[in-house]
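*Asks:* Below are the structure tokens for one structure; questions will follow.
None of the figures in this text is laboratory data; all of them are computed from the coordinates on show. The structure presented is a predicted model; accordingly, all values stated were derived computationally and were not measured. Note: ideal-geometry Cβ built from the backbone for every residue, glycine included; neighbour counts use all protein chains shown.
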């Protein structure tokens, strides 16, 4: 009986690993194909799309970075992402502190997190009109404010769980020592919420970097367009240089992949801790 059970367990484990490997191959192959195609010439891709490159060529990367101006789009996205993340971290941490410490209120919490349930498409026209009236349409500062606002609800939702996990006794001790709410925030709550800050920083960085819909509608000037807009422009209506397109995709993908690989432990650990505390 034990042998039969062991045999069934082994068969089950082998089947599970085969399925997982199959899914991994299916998920990884598109990335592998884009990577290999970025080192090929366009004529080689059209002649035999599935073949490996006979020789590695970086001409597509050079062409995408300089000739097609992906480099300008890349630097714009870096600026937008960094400024957006800084703004999101500061504002969401302050709001989460107020909700959990200064004015604990489910209604206030619901008001700030309501944005998670509202689809972006429902607010495109009102947002466009507001930005036009404020004279921040088609500007860097307007787009930074927009992407920060669109990610704020999620950041507040995550950070509130972390703030709830901070012992109230620390606040009471700080209050007895004469600390104001502002000092409690930046000396106690903000440092202790670092795992949560790392989590929202990484998640919102990915969101800001990959933002396309708002960028497509709100940024018309070629000099301030994002990397996602630059990649979309590489696809022509009648002709597409697939080698340059693949190189542009890799330029956009690799920085975020590297960032996530480096900080994945902090992100996963932070999200797990937040879920437990919430």
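*Asks:* Could you check which residue among 71, 63, 196 shows the biggest mean-square fluctuation in a GNM of the chain with a 10 Å Cα cutoff?
*Replies:* Of 71, 63, 196, the Gaussian network model singles out 63 as fluctuating most.
*Asks:* Another question, if that's okay. If you wrap the range 1-99's Cα atoms in a convex hull and average its projection over all directions, what's the area in nm²? Don't skip to the answer; put the middle values down first.
*Replies:* On the way: hull surface 56.0 nm².
The directionally averaged projection comes out at 14.0 nm².
*Asks:* Take the Cα radius of gyration of the chain and divide it by 2.2 N^0.38 Å, with N its residue count; two decimals is plenty. Write down the numbers at each step before the final one.
*Replies:* Working: Rg = 23.9 Å, N = 278, 2.2 N^0.38 = 18.7 Å.
Normalised Cα radius of gyration, the chain: 1.28.
*Asks:* Using alpha carbons only, how many degrees (0 to 90, rounded to 10) separate the axis of helix 2-37 from the longest principal axis of the chain?
*Replies:* With rounding to tens, the tilt is 70 degrees.
*Asks:* Would you mind giving the three semi-axes, in whole Å and largest first, of the ellipsoid equivalent to the range 92-210 according to its Cα gyration tensor?
*Replies:* On the way: eigenvalues 194, 42, 40 Å².
With the √(5λ) rule applied to the range 92-210, the semi-axes are 31, 14, 14 Å.
*Asks:* So what's the angle, to the nearest 10 degrees on a 0 to 90 scale, between helix 124-133 and the longest Cα principal axis of the chain?
*Replies:* Computed tilt is about 70 degrees.
*Asks:* If you don't mind, another one. Is it possible to state the helix-based mean residue ellipticity at 222 nm for the chain, with each DSSP H run of 4+ residues giving -39500 (n - 2.57), the sum divided by total residues, to the nearest 500 deg cm²/dmol? What is it? Walk me through the intermediate numbers first.
*Replies:* Working: 13 runs with 196 residues, N = 278.
So the calculated ellipticity at 222 nm is -23000 deg cm²/dmol.
*Asks:* Report relative contact order for the chain in percent, whole number only (criteria: Cα-Cα under 8 Å, sequence separation at least 6). Write down the numbers at each step before the final one.
*Replies:* On the way: 274 pairs, mean separation 86.2, N = 278.
Relative contact order, the chain: 31 percent.
*Asks:* Another question about this same structure. Hey, what angle do you get for helix 242-277 against the long axis of the chain, alpha-carbon based, 0 to 90 degrees rounded to 10?
*Replies:* 30 degrees
*Asks:* So how do 65, 209 line up by other beta-carbon neighbours within 10 Å, fewest first? Display every interim value, and only then the final one.
*Replies:* Values: 65 19, 209 22.
Going from least to most buried by this count: 65, 209.
*Asks:* Give me 34, 95, 25 sorted ascending by neighbouring Cβ count inside 10 Å, so fewest comes first. Kindly include the intermediate steps, with their values, before the conclusion.
*Replies:* On the way: 34 17, 95 21, 25 10.
Ranked by crowding around the Cβ, least crowded first: 25, 34, 95.
*Asks:* Sticking with this structure for a sec: Suppose each label sits 7 Å from its Cα in the direction of the beta carbon; what would the residue 52-residue 82 distance come out to in nanometres?
*Replies:* It is 3.9 nm.
*Asks:* Output the Cα-based Rg and Dmax of the range 164-226 in Å, rounding Rg to one decimal and Dmax to a whole number.
*Replies:* 19.1, 56
*Asks:* Next question, about the same structure. Could you please state, rounded to a whole Å, how far the C-alpha centre of the range 242-265 is from the C-alpha centre of the range 171-190?
*Replies:* 41 Å
*Asks:* Looking at the chain as a GNM with Cα springs under 10 Å, which of 205, 114, 134 has the largest mean-square fluctuation?
*Replies:* 134
*Asks:* Further question: Would you mind ranking 208, 179 so that the residue whose beta carbon has the fewest other beta carbons within 10 Å leads the list?
*Replies:* On the way: 208 24, 179 15.
Lowest count first: 179, 208.
*Asks:* Distance from the Cα centre of the range 127-166 to that of the range 211-234, in angstrom?
*Replies:* 18 Å
*Asks:* Expressed in nm to one decimal, what extension gain is obtained for the pair residue 106 and residue 14 from 0.36 nm per residue of sequence separation less their Cα-Cα distance? Write down the numbers at each step before the final one.
*Replies:* Details: separation 92, 0.36 × 92 = 33.12 nm, distance 4.86 nm.
This chain segment gains 28.3 nm when fully extended.
*Asks:* By how many nm would the segment from residue 138 to residue 254 lengthen if fully extended, with 0.36 nm per residue of separation less the alpha-carbon distance?
*Replies:* Working: separation 116, 0.36 × 116 = 41.76 nm, distance 2.75 nm.
Between residue 138 and residue 254, full extension yields 39.0 nm more.
*Asks:* By how many nm would the segment from residue 266 to residue 22 grow when fully extended, if each residue of separation counts as 0.36 nm and the alpha-carbon distance is taken off?
*Replies:* 85.0 nm
*Asks:* The range 27-74: D in µm²/s via Stokes-Einstein (Kirkwood Rh, Cα pairs, 25 °C, 0.890 mPa s)?
*Replies:* Details: Rh = 11.5 Å.
Stokes-Einstein gives a translational diffusion coefficient of 213 µm²/s.
*Asks:* Gaussian network model of the chain, Cα springs within a sub-10 Å range: biggest mean-square fluctuation belongs to which of 258, 64, 215?
*Replies:* Of 258, 64, 215, the most mobile in the Gaussian network model is 258.
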